[in-house]
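*Asks:* Take a look at the following structure, please.
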Amino acid sequence: MSHAHPENWPVLIINGALDPELFKDFKTLAAAAEESDGNPPLSEQTLVMLRGADAGDHSVLSLALYAPDEDSDPATAEDLAGIAVVVEAPGQPEAAGVLELAVHPSYRNQGVAGRLLGALQDKRGFDGLSAWSHGNHEAAAELATRFGYGPVRELWKMRLMSSTAALPDAGLPVGVSLRTFVPGRDEKPWLAANRAAFAHHPEQGSMTLADLQARMAEDWFDPAGFLLAVNSEDEILGFHWTKVHPRQGPHPPIGEVYVVGVTPAAQGSGLGKALTVAGIQHLQDKDLHSVMLYVDADNQAAVALYQKLGFVRWDTDVMYGLLTQN
């Protein structure tokens, strides 16, 4: 490998979706970073945008830093040293966006992240840009401070040892029943219920039909684990979408409380707790040893509910925002 400083390495900048080969390279690097750090460096929505056929030129911006190899030309997938992705925030001012960055473990402590951020600053600037640190590693915190960023949001990852959890009896409100999601029929009604339930949520409430379909196309999607609470007219009042992460090496499969939502008309009825318990029971029935979820640290009501159910804080993702002008 070349020992030239990363400031001289080429940065490939792409607007819009990636071609299949480059998307594969991004996923390979992200997988290597996750294996090293214990956290995925790119969120699910970012991966959806990166491969989405409808990703517009101004909706996603990617930077790929290649490490020159003296013995091979051109650069190959093994030479992808770092990646940075900006997803423009839907419904927000044009300058608003969210950054995620990952450096391959083989190229760390060489200035790769700084090179990527320098290229991003030249291309787009940092105005309106926030950044996720999944796992809030020390190196990410130091990098954030160097570029004038500070913590603005915490997302907790919580875990329940489902094999030993004794769940409370949480019955459904009167007139409400549970059924499973029906592909080809429930997409639009569910999107409407999701928008209502998460009207003030920065990510979940803006999910589109394309976003939903992308998730339904994933190997993990199982409509049997997508529970809908409906009234006598079959109107969706709430939902619990579960997810199962497959075994990775020595790590056993784990269930996830993927998203629980209750529409305004049904809030305060105890439906949220009933849905949460029903979804966990579904995951327990699949013999999963543990269940995880993500929750905003400042959502005190949700945190309290999950703690009462036996969930404990496992890890933390931190969003950084620009505190000073560079």
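*Asks:* Quick one: in the stretch 162-289, what % of C-alpha pairs are over 19 Å apart? Please list the in-between numbers first.
*Replies:* Values: 3986 of 8128 pairs.
Of all Cα-Cα pairs in the stretch 162-289, 49 percent lie more than 19 Å apart.
*Asks:* Once you have the alpha carbon radius of gyration of the chain, what is it after dividing by 2.2 N^0.38 Å, with N set to its residue count? All intermediate terms of the calculation are to be shown ahead of the outcome.
*Replies:* Numbers: Rg = 21.0 Å, N = 326, 2.2 N^0.38 = 19.8 Å.
Compactness ratio reported: 1.06.
*Asks:* Just to check I understand the Karplus step: with θ = phi - 60° and J = 6.51 cos²θ - 1.76 cosθ + 1.60, what whole-Hz values come out for the stretch 26-34, glycine and proline as x?
*Replies:* Values per residue, Gly and Pro as x: 4, 5, 5, 5, 4, 5, 5, 5, 5 Hz.
*Asks:* In the chain, if the dipole is taken from +1 on Lys/Arg beta carbons and -1 on Asp/Glu beta carbons about the Cα centre, which of Ala197, Leu323, Gly52 is farthest to the positive end?
*Replies:* Highest projection toward the positive end goes to Ala197.
*Asks:* Also, quick follow-up: With +1 on each Lys and Arg Cβ and -1 on each Asp and Glu Cβ, and nothing else charged, work out how big the dipole of the stretch 185-228 is about its Cα centre, in Debye to the nearest 20.
*Replies:* Values: 4 positive and 7 negative charges, 50 e Å.
The dipole magnitude comes to about 240 debye.
*Asks:* Still on this structure, please answer the following. Which of the listed residues, Leu275, Leu116, Val257, is farthest toward the dipole's positive end in the chain, when Lys, Arg count +1 and Asp, Glu count -1 at the beta-carbon?
*Replies:* Checking the options against the dipole of the chain, the answer is Leu275.
*Asks:* I'd like the Karplus ³J(HN,Hα) series for the stretch 5-14: coefficients 6.51, -1.76, 1.60, θ = phi - 60°, whole numbers in Hz, and an x wherever there's a Gly or Pro.
*Replies:* Values per residue, Gly and Pro as x: 5, x, 5, 9, 7, x, 10, 8, 10, 10 Hz.
*Asks:* Ranked by Cβ crowding within 10 angstrom, fewest neighbours first, how are Thr276, Thr316 ordered? List each step's numbers first, then the result.
*Replies:* Values: Thr276 22, Thr316 16.
Starting with the residue having the fewest Cβ neighbours, the order is Thr316, Thr276.
*Asks:* A further question follows. Fewest first, what order do Tyr66, Tyr306, Tyr294 take by the number of other Cβ atoms within 10 Å? Mind dumping the intermediate values first?
*Replies:* On the way: Tyr66 19, Tyr306 22, Tyr294 15.
Lowest to highest Cβ neighbour count: Tyr294, Tyr66, Tyr306.
*Asks:* Can you put Met158, Met216 in order, fewest other beta carbons within 10 Å first?
*Replies:* On the way: Met158 21, Met216 15.
The most exposed by this proxy come first: Met216, Met158.
*Asks:* Taking only Cα atoms and a 10 Å spring cutoff, compute GNM fluctuations for the chain and point out the largest among Leu275, Leu65, Leu22.
*Replies:* Maximum among the listed residues: Leu22.
*Asks:* Putting +1 on Lys and Arg Cβ atoms and -1 on Asp and Glu Cβ atoms, find which of Ile236, Leu155, His5 reaches farthest to the positive end of the dipole of the chain.
*Replies:* Ile236
*Asks:* Next question, about the same structure. In debye, nearest 20, what is the charge dipole magnitude of the chain about its Cα centre with +1 on Lys and Arg Cβ and -1 on Asp and Glu Cβ, if you could check? If you can, show how the numbers build up before the last one.
*Replies:* On the way: 22 positive and 42 negative charges, 222 e Å.
Value, rounded to 20: 1060 debye.
*Asks:* In a shell of Cβ-Cβ distance under 9 Å around Val291, excluding Val291 itself, what net charge do Lys and Arg (+1) and Asp and Glu (-1) give? Don't jump to the answer; show the numbers that get you there.
*Replies:* On the way: positive: Arg159; negative: Glu256.
Spelling it out: positives minus negatives among the neighbours equals 0.
Coordinate-derived values only; no laboratory data. None of the values given here were measured: they were computed from a predicted structure. Every residue, glycine as well, gets a Cβ built from its backbone with ideal geometry; the counts of neighbours run over all protein chains shown.
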